[in-house]
1. Calculate one ³J(HN,Hα) per residue across the stretch 69-82 by plugging θ = phi - 60° into the Karplus curve 6.51 cos²θ - 1.76 cosθ + 1.60, and present them in order as whole Hz with x for glycine and proline.
2. How much length is gained if the chain between R173 and T120 is pulled fully straight, taking 0.36 nm per residue apart and subtracting their Cα-Cα distance, in nm to one decimal?
3. I need the phi-derived Karplus couplings for the stretch 93-99: 6.51 cos²θ - 1.76 cosθ + 1.60, θ = phi - 60°, integer Hz, Gly and Pro marked x.
4. Quick one: Karplus J couplings for the stretch 264-271, per residue in order, coefficients 6.51, -1.76, 1.60, θ = phi - 60°, nearest Hz, x for Gly and Pro?
5. List the lysines whose Cα lies under 22 Å from the Cα of K282, skipping any in the same chain that are fewer than 8 positions away.
6. Can you give the extra length, in nm with one decimal, that the chain gains between R279 and I143 once fully stretched, where that is 0.36 nm per residue apart less the Cα-Cα distance?
7. Separation of the stretch 66-110 and the stretch 219-251 by C-alpha centroid, Å?
8. Could you calculate the FRET efficiency of K230 with Q162 from 1/(1 + (r/R0)^6), where r is the beta carbon distance between them and R0 is 41 Å, rounded to 0.05?
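Read-outs: derived from the displayed coordinates by stated rules, not from any lab. Here the structure is a predicted model, which means the values were calculated and not measured. Positions of Cβ are backbone-derived with ideal geometry, glycine not excepted, and every protein chain shown enters the neighbour counts.
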Amino acid sequence: MVISKRVSRTFMYIILLYIEWSVGTVACILITACRSLRKIHGNSSHAFMNFYGGIKDDAYTRTLRSNHNPLNLILGTEKKKGLRIGYMEAGLQGFYLNSMETGVHPQKLSRLLAEEFHCTDTESVTGLFQFLINEGDRVSYQIMLPCLLSTENINEFESIIQKRFFGVERFIRQGKNLYKFVKYTEERRDPIIWINDLEKGIIGWDMGLLVSLARASQTCGHISKEQAWKYIEQAAQLCSLDLHTAEEIDKSFLLGKAMKSGKIEDWDRLLSCYSLLGRHRK
């Protein structure tokens with residue numbers, strides 16, 4: 001009996017030593033990996049994205065940022081609804097999701113506004129905002145939509161939109177990007193883009209962009225915080241006419257943003273952000 005107890009104790013001691021060794025080994029591996037990732041991240045943190053939107057740091061599409069300032073808890077319902085419209089663009093840009101403050105340095109925001117949107121002052125940003133409110137990309141999208149739904153052949157689709165847009169290359173390119181993106185999501189089946197999603201249009205894209213640009217412009221001093229909130233709340237009101245759930249808003253943004261690039265890597269980054277926001281759609 002005594003021998004049995006001693007054997008048991010010895011056996012347990014061996015197991016504990018093995019567990020301690022295993023945990024220590026795993027910890028060393030993780031520390032080494034983190035240091036390597038930090039070095040890689042440091043070398044690439046200044047790259048800039050030329051896909052209708054700002055700071056190219058893929059860490060932004062792997063994590064979503066929130067502002068933990070307690071004052072954000074007391075934002076009104078309309079303000080929260082407005083910020084929610086901009087979650088996709090905020091995620092792609094590395095902005096905080098839940099506040100007027102973006103968490104991005106004003107100098108980087110100024111560069112974004114100037115280089116991507118040619119906005120350098122109050123007049124230019126408010127002109128862009130009025131375009132997004134009154135027209136945006138949804139006007140050309142509505143012309144493309146019947147063509148998109150009427151054919152399964154890319155060559156036929158291109159021929160149709162060539163005629164509809166009188167050979168204007170920008171609209172033709174956006175139409176082809178949209179067509180190929182929809183086919184790409186059909187192959188992935190994640191997310192599934194239903195015909196109903198296509199018919200709801202891309203006001204979620206136009207208004208999501210408006211929300212993020214209003215926040216950036218406020219930080220850069222082009223508009224006041226009060227004006228920025230007015231634009232954000234207006235975006236929520238316009239979206240609510242056609243989009244009624246967070247999923248509809250984010251899919252609407254997906255379709256509009258995808259029109260801006262024909263690169264699979266850009267689509268994957270976009271879809272990665274959509275997936276990360278899944279818990280915010282529940």
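1. My calculation for the stretch 69-82 gives 4, x, 4, 5, 6, 9, 5, x, 4, 5, 5, 5, 4, x Hz in order.
2. Result for the pair: 16.3 nm of gain on full extension.
3. 7, x, 6, 4, 7, 10, 8
4. Along the stretch 264-271, the couplings run 4, 5, 5, 5, 5, 5, 5, 5 Hz.
5. K79, K80, K81, K200, K251
6. Result for the pair: 45.6 nm of gain on full extension.
7. 11
8. The calculated FRET efficiency here is 0.55.
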